[in-house]
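Reviewing the structure listed below.
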């Protein structure tokens, strides 16, 4: 493999046909391609419209947690974190994976009840979540203002990874196993073909594939529309920032249920933080969640093609005020970088994974509502097992794209957080 093609190339030759075409070179698509290539002789092509970390996979805070409120999601993330422990060796790259834990704080009665309910579930499943009072939380984060913290939940096995090498590692190993990764090439349309689908590419080329995986996240509607497929996931603009580096002072990633604030310290010392903006829906319990359509302060296109990935002063002011109320020590920090990305939000908070209604050759891999990055190690494996061996993981019944037509969309998860 040449150095030029080590992480994909816009110039690499495409075959006329392949077994599986993965549209979207984020961590979800690349993890799937890697596992397909690892367990089969299938010919796999990955198409990325830009460079590999240009989308949501390169724009998130890198958090990985098993602190969820639903058994299925807890199990998926327990598996994902277990994979992450050995992933640096498997992929041959330093992921900067650090298990400093997640500390989730509740400042309302409803938030406290949620943490207690979830901790009981975690105990049954073997996830080592502990409930703490405010002062106990300060023992883990000494600079935390615990004045109105009613309860905190801490899981020491949760952690943070650096997003970029996560993507690069999967890409590099997929290419080594024979996957063709073509960058700066968009799949602009699909049409039925005798053996699957024919993709029309932005370069003027065409690619025939027996199975096409739509792993484009907030941009999934672009490809779906060409086949007349309509799904209710919508993009949500989410901002994040990083500060000047500090001496190590923060081990866990901290989440405030009331505001949707989350923040952690990177291995280089920066404070990385994001927050749910007040335009998101409130659940009536004083704890913010992403609304059904997730329209942010700038607004975004219905189909995800107009997502504003710039910065806003409103976000900076709101995050700064909330962050310093919990961590007064951070009041004098200088912000070095601020950016935005797109969550791909499903109306019921569940991912959308599986064959498309009416077009089973197009497999959806989207709708992860901002948590696809942390789930990718486990989900990439289970989607590959579906494609290669026909094995259906139990979560695929819940994530079935056809559920919306059946009206089976009752929310099950209440921990849609950073």
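Among the residues of the range 368-382, is there at least one that is over 14 Å from the mean Cα position of the chain (by Cα), surrounded by fewer than 23 Cβ atoms within 10 Å (Cβ to Cβ) and part of a helix (DSSP H, G or I)?
yes
Could you list, in sequence order, the residues of the range 154-179 that are in contact with a strand residue (DSSP E or B) (Cβ under 7 Å, 6 or more places away or on another chain) and part of a loop (DSSP other than H, G, I, E, B)?
Passing the criteria: 158, 161, 179.
Examine the range 180-193 for a residue that is without any contact (Cβ under 8 Å) to a residue 40 or more places away in the chain, over 21 Å from the mean Cα position of the chain (by Cα), under 27 Å from residue 53 (Cβ atoms) and part of a strand (DSSP E or B), and state whether such a residue exists. Quick ask: steps written out before the conclusion?
Kept after step one, since they are without any contact (Cβ under 8 Å) to a residue 40 or more places away in the chain, are these residues of the range 180-193: 188-189, 191, 193.
If we keep only those that are over 21 Å from the mean Cα position of the chain (by Cα) too, we end up with 188-189, 191, 193.
Checking the rest, the ones that are also under 27 Å from residue 53 (Cβ atoms) come to 188-189.
Keeping just the survivors that are part of a strand (DSSP E or B) gives 188-189.
Yes - at least one qualifying residue is present in the range 180-193.
Quick one: is residue 89 within 27 Å of residue 393 (Cα to Cα) and touching a strand residue (DSSP E or B) at 6+ places or on another chain (Cβ under 6 Å)?
Criteria not met by residue 89.
Filter the range 70-84 for residues that are more than 23 Å from residue 116 (Cα to Cα) and crowded, with 18+ Cβ neighbours inside 10 Å and give the result.
Answer for the range 70-84, where residues must be more than 23 Å from residue 116 (Cα to Cα) and crowded, with 18+ Cβ neighbours inside 10 Å: 80, 84.
Can you pull out every residue in the range 201-216 that is in a loop (DSSP other than H, G, I, E, B) and under 23 Å from the mean Cα position of the chain (by Cα)?
Scanning the range 201-216 gives 215, 216.
Just checking, does the range 369-379 include any residue being in the same structural domain as residue 219 (by TED's automatic domain parsing) and on the phi > 0 side of the Ramachandran plot?
Looking for residues that are in the same structural domain as residue 219 (by TED's automatic domain parsing) and on the phi > 0 side of the Ramachandran plot, one finds at least one in the range 369-379, hence yes.
Filter the range 394-417 for residues that are closer than 29 Å to residue 39 by Cα and under 19 Å from the mean Cα position of the chain (by Cα) and give the result.
395, 396, 398, 399, 400, 401
Would you mind telling me which numbered condition in (1) modelled with pLDDT of 95 or more; (2) surrounded by fewer than 24 Cβ atoms within 10 Å (Cβ to Cβ); (3) closer than 30 Å to residue 402 by Cα residue 132 fails?
So the condition that residue 132 fails would be (3).
Please determine, by comparing only the residues of the range 208-218 that are buried (at least 23 other Cβ atoms within 10 Å of the Cβ) and under 17 Å from residue 32 (Cβ atoms), which one is modelled with the lowest pLDDT. Step through it out loud before you land on a result.
Taking the range 208-218 and keeping what is buried (at least 23 other Cβ atoms within 10 Å of the Cβ), we get 209, 212-218.
Next cut, under 17 Å from residue 32 (Cβ atoms) only: 209, 212-217.
Numbers: 209: 98, 212: 98, 213: 98, 214: 98, 215: 98, 216: 96, 217: 93.
Of everything passing the filter in the range 208-218, 217 is modelled with the lowest pLDDT.
For the range 85-112, enumerate the residues that are surrounded by fewer than 19 Cβ atoms within 10 Å (Cβ to Cβ) and closer than 16 Å to residue 148 by Cβ.
The answer is 108, 109, 110.
Would you list the strands (runs of 3 or more DSSP E) that sit entirely within the range 226-275 and hold 2 or more residues that are in the same structural domain as residue 144 (by TED's automatic domain parsing), touching a helix residue (DSSP H, G or I) at 6+ places or on another chain (Cβ under 9 Å) and over 14 Å from residue 100 (Cα atoms)?
234-243, 271-274
Please give the strands (runs of 3 or more DSSP E) falling wholly within the range 19-133 in which 2 or more residues are out of contact with any helix residue (DSSP H, G or I) (no Cβ under 8 Å at 6 or more places or on another chain).
44-47
The values are calculated or read from the model by the stated rules, or taken from the named source; none is laboratory data. This structure is a prediction, so every number in the text was calculated from the model and none was measured. All Cβ positions, even for glycine, are placed from backbone atoms using ideal geometry, and neighbour counts span all protein chains on display.
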